[in-house]
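Just so it is clear, none of the values below were taken in a lab; they were calculated from the coordinates. Since the model is a prediction, treat every value here as computed from it, not as a measurement. Cβ coordinates were reconstructed from backbone atoms using ideal geometry, including for glycine residues, and neighbour counts include every protein chain displayed.
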Amino acid sequence: MQNPSTPNPFPSLPNEGQDSIQVVVFSDIVVYPPHQFTNSKGEQQYLKLIRDVKKTLPYAKFIYQALIETYEYMETLPDEKSKETHIKLIEKELFAEYKPIMRKMTLSQGKLLIKLIDRECNQTSYDLLKAFLGPFRAGFWNLFAGMFGANLKTNYNPMGKDAMIEQVVLLIECGAL
């Protein structure tokens, strides 16, 4: 017990007399064993994958956010004509801003972006285009991508053939790469 003439070294706290526990929330930490490369070519491919994911992942996340915002805004529009007008306006703005960036991407980065869009949106790029632009224009863009060896209907499989991509994405998201 404290002597009444001695001042309290701890000033009055708002929860005085009550127990409290400090809570600190940490972000997830992902740990993978170090990669064992059999040759320098495998190591170069891994470093290229890291570079490509770092370049394309922000665009996949942006596309997801833009889709959510566009869909929510379109739900407020009164009729189909205004929705079509809005879609054409958004498409024109996105083309003007991102066409030069997309042209600078390599084919492998483009294919990776298609997979990362599927990862972020849980829908293939083709399905997204079909929902917003219709089946004819989605088919046109898939045909155009096919001329370069890409396919907008490509699915992302994080437990199968895309496991290395998933690993790199998780390491980038937690700040380890």
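Structure remark: mean-square fluctuation, Gaussian network model of the chain, C-alpha springs under 10 Å; the largest value among 39, 151, 122 belongs to 39.
Working from label points 7 Å from Cα in the Cα-to-Cβ sense, the residue 164 to residue 65 distance is 3.0 nm. Between residue 19 and residue 92, the simple spin-label model (points 7 angstrom out along Cα→Cβ) gives 6.5 nm. For the chain, adding -39500 (n - 2.57) for each run of n ≥ 4 DSSP H residues and dividing by the number of residues yields -21000 deg cm²/dmol at 222 nm. Here the spin labels are modelled as points 7 Å beyond Cα on the Cα-Cβ line, and at residue 30 and residue 45 they lie 2.0 nm apart.
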